[in-house]
1. From Glu40, Glu76, which residue is acidic (Asp, Glu) and either within 11 Å of the ligand (Cβ to nearest atom) or in contact with a helix residue (DSSP H, G or I) (Cβ under 8 Å, 6 or more places away or on another chain) (or both)?
2. Out of all the residues in segment 108-119, is one or more more than 10 Å from the ligand (Cβ to nearest atom) and in a helix (DSSP H, G or I)?
3. Open to solvent by less than 40 Å² (accessible area, probe 1.4 Å) and in contact with a helix residue (DSSP H, G or I) (Cβ under 8 Å, 6 or more places away or on another chain): which single residue out of Gly116, Gly135, Gly163 fits that description?
4. Could you tell me which numbered condition Ala187 fails, if it satisfies all but one of (1) open to solvent by less than 50 Å² (accessible area, probe 1.4 Å); (2) without any contact (Cβ under 8 Å) to a residue 40 or more places away in the chain?
5. Between residues in segment 113-137 that are under 19 Å from Phe18 (Cα atoms) and without any contact (Cβ under 8 Å) to a residue 60 or more places away in the chain and residues that are acidic (Asp, Glu) and more than 11 Å from the ligand (Cβ to nearest atom), which pairs lie under 6 Å by C-beta distance while being six or more apart or on different chains?
6. Exactly one of (1) open to solvent by less than 20 Å² (accessible area, probe 1.4 Å); (2) farther than 19 Å from Gln93 by Cβ is unmet by Gly41. Its number?
7. Hey, Ile144 hits all of (1) aliphatic (A, V, I, L, M); (2) over 23 Å from Gly66 (Cα atoms); (3) within 11 Å of the ligand (Cβ to nearest atom) but one; which does it fall short on?
8. Just one of Leu78, Leu141 is crowded, with 20+ Cβ neighbours inside 10 Å and either among the hydrophobic types (A, V, I, L, M, F, W, C) or without any contact (Cβ under 8 Å) to a residue 60 or more places away in the chain (or both); which is it?
Amino acid sequence: MAENAAIGAPDRGRFITFEGGEGAGKSTHIKRLADRLDAEGLRAIVTREPGGSPGAEIIRHVVLSGMGKLLGPEAETLLFAAARDDHVHAVIQPALEQGIWVLCDRFSDSTRAYQGRLGQVAPGVLNAMERVTIGRLKPDLTVILDVPVEIGMSRAAARRGTGTPDRFEAEDIQFHRQLREAFRQIAQDEPQRCVLIDANTDAATVAAAIWSAVSDRLLSAAPARNEIASA
Ligand code: TMP
């Protein structure tokens with residue numbers, strides 16, 4: 001593993017998050033990226049939110065069952081925050097410190113979109129939760145997969161088969177349209193960190209666009225942006 005000569009420590013891993021509405025293809029493309037990194041000789045783990053650590057997976061079950069919704073938007077947001085706190089401290093930070101790349105299916109932008117923009121939880125409340133759960137940890141790159149809502153929802157329905165829609169899949173089309181706009185707005189507001197990718201095309205084209213963003217932005221001499229988290 002490469003050494004950081006300045007401090008004599010191994011280079012930190014890179015932290016990549018994947019975001020988007022339902023049925024955008026995040027799981028498929030995270031897996032493809034992990035395989036590509038492996039082929040390049042880079043160690044990577046794939047994880048997800050809510051979940052990714054044993055404690056957070058229990059909370060995932062609670063929120064996706066719809067039980068969190070009964071508590072109201074702020075309390076439901078606290079459940080996502082509790083899951084994130086455990087996941088960051090138990091899985092994400094230790095991996096990055098060991099030089100392992102972390103590919104995470106959803107992260108704090110999902111809270112901004114689902115609980116903030118759609119659930120109307122105030123930005124001040126979200127900021128306070130982020131201070132506690134992630135501190136200064138920022139993804140080095142956020143890949144936002146964009147698909148028309150009807151296509152994403154039909155992909156999600158096909159994947160689900162005869163299963164029941166979860167808490168968020170069950171929301172109406174208007175909710176999902178606003179969600180798409182919320183993610184597009186995040187990409188527009190933070191172009192340094194985010195890349196918006198048209199996922200309404202064949203998987204090979206989407207994978208190539210993701211790899212191009214990763215190699216252009218992260219496989220250079222630039223230090224990990226998430227490094228400041230440990231400063
Ligand atoms: P998924 O893993 O299948 O995408 O399901 C996770 C669901 O949880 C998805 O509908 C988005 C939602 N979610 C939030 O509402 N807030 C969050 O902070 C996160 C991480 C996910």
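The values are calculated or read from the model by the stated rules, or taken from the named source; none is laboratory data. Here the structure is a predicted model, which is why all the values come from computation and not from measurement. When we count neighbours, we look across all protein chains shown, and the Cβ atoms used for this are built from the backbone with ideal geometry, even at glycine. The protein model used for the area step is the full one, side chains on, heavy atoms only, and it has no ligands, DNA or RNA in it. Shrake-Rupley method; radii C 1.70, N 1.55, O 1.52, S 1.80 Å.
1. Working: Glu40 fails: either within 11 Å of the ligand (Cβ to nearest atom) or in contact with a helix residue (DSSP H, G or I) (Cβ under 8 Å, 6 or more places away or on another chain) (or both).
Result of the check over Glu40, Glu76: Glu76.
2. yes
3. It is Gly116.
4. Among (1) open to solvent by less than 50 Å² (accessible area, probe 1.4 Å); (2) without any contact (Cβ under 8 Å) to a residue 40 or more places away in the chain, Ala187 violates only (2).
5. Close Cβ pairs satisfying both conditions: Thr133/Asp85.
6. All conditions pass for Gly41, except number (1).
7. The one condition Ile144 does not meet is (3).
8. Only one candidate passes the filter, namely Leu141.
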